[in-house]
Amino acid sequence: MSNARDERAALCDLLDRLGPSAPTLCEGWTTADLAAHLVLRERRLDAAPGISLAPLAGYTSSVQEGLKARHPYPELVDLVRQGPPKWSPYSLIPGVDDLVNTVELFVHHEDARRAQPGWEPRALPRDYEDALWKRLKSGARLFLRKAPVGIVLRRTGGEKAAGRKAEPAVVVSGDAPELVLFAFGRQAHARVTYEGDTEAVARLREAHLGV
């Protein structure tokens, strides 16, 4: 199985256990909202652009609410579990599912996990951590473009990735999965450390990061 498929299965198992009303790290979203978002992203390509483009967000929101109203929660989770339909670019082009969905599914799995009491970071296989780090390195400038300060990401072991070139700069250190969560705006729930000017670190902790 691919990393994306493994992560999808684990996420869906968790969503089934939590039910539709559990909180997530996505502000204002329950687990039902999160499941509907994932269904929309893979099955309603007409509405997907509004996930990242503010002028289209209203339409995306209405489609997401419609999915919640039309599908009972177990059905939504099952649609996520099935993965992209055969006509989707994620399915038609070999390798795209892993390329596009590995990080997305990891982050949203942690959105559900870390909103619950007593969570701890998961122990992930080394090849999975390497895949997350590779995606983070290639997309760091995009993910961190909104940062108010410069950023250097430093993976446990010393490997570094340039985030945003600016002064003052902050070095953010941690395991690859934690750095991914940091870069996607989950600073409060990412187990990372910061080195740099105190004011710059404070601004970075509160910044809106991610796509």
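Data table
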quantity	calculated
Residue count for region 48-60, restricted to those that are at pLDDT 90 or above and either touching a strand residue (DSSP E or B) at 6+ places or on another chain (Cβ under 6 Å) or farther than 19 Å from G185 by Cβ (or both)	4
Qualifying residue in region 80-91 (condition: among the hydroxyl-bearing types (S, T, Y) and touching a Gly at 6+ places or on another chain (Cβ under 8 Å))	yes
Top-ranked residue of region 153-211 - restricted to ones that are aromatic (F, W, Y) and touching a helix residue (DSSP H, G or I) at 6+ places or on another chain (Cβ under 8 Å), ranked as nearest to A123 (Cα to Cα)	F184
Filter result for the condition that a residue is among the basic types (K, R) and open to solvent by less than 60 Å² (accessible area, probe 1.4 Å), over R155, R145	R155
First in region 114-136 and farther than 15 Å from F184 by Cβ, second anywhere and crowded, with 18+ Cβ neighbours inside 10 Å and β-branched (V, I, T), Cβ under 9 Å, 6 or more apart	Y128/T102; A131/T102; A131/V103
Among (1) modelled with pLDDT under 95; (2) under 12 Å from R205 (Cα atoms); (3) in contact with an Asp or Glu (Cβ under 7 Å, 6 or more places away or on another chain) - the single one A190 does not satisfy	(1)
Residue in region 21-45 that is surrounded by the fewest Cβ atoms within 10 Å (Cβ to Cβ), counting only those that are free of Cβ contacts under 8 Å to residues at least 60 places away in the same chain and β-branched (V, I, T)	T30
Residue, farthest from the chain's Cα centre (by Cα), within region 158-189, restricted to residues that are open to solvent by 40 Å² or more (accessible area, probe 1.4 Å) and under 21 Å from H108 (Cα atoms)	D175
Any hit, region 4-20, residues being in contact with an Asp or Glu (Cβ under 6 Å, 6 or more places away or on another chain), open to solvent by less than 10 Å² (accessible area, probe 1.4 Å) and not β-branched (V, I, T)	yes
Filtered residues of region 46-104 (kept if among the aromatic types (F, W, Y) and either in contact (Cβ under 8 Å) with a residue 60 or more places away in the chain or open to solvent by 40 Å² or more (accessible area, probe 1.4 Å) (or both))	Y59, W87, Y90
Among (1) farther than 20 Å from A9 by Cα; (2) modelled with pLDDT under 95 - the single one T102 does not satisfy	(1)
Selection count where residues are open to solvent by less than 60 Å² (accessible area, probe 1.4 Å) and more than 14 Å from the chain's Cα centre (by Cα), scope region 106-129	6
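The values are calculated or read from the model by the stated rules, or taken from the named source; none is laboratory data. Because the structure is predicted, anything quoted here is derived from the model rather than measured. Here the Cβ is made from the backbone with ideal geometry for all residues, glycine too, and neighbour counts use every protein chain on show. Quick note on the areas: whole protein, heavy atoms, side chains included, nothing else; ligands and nucleic acids left out. Shrake-Rupley method; radii C 1.70, N 1.55, O 1.52, S 1.80 Å.
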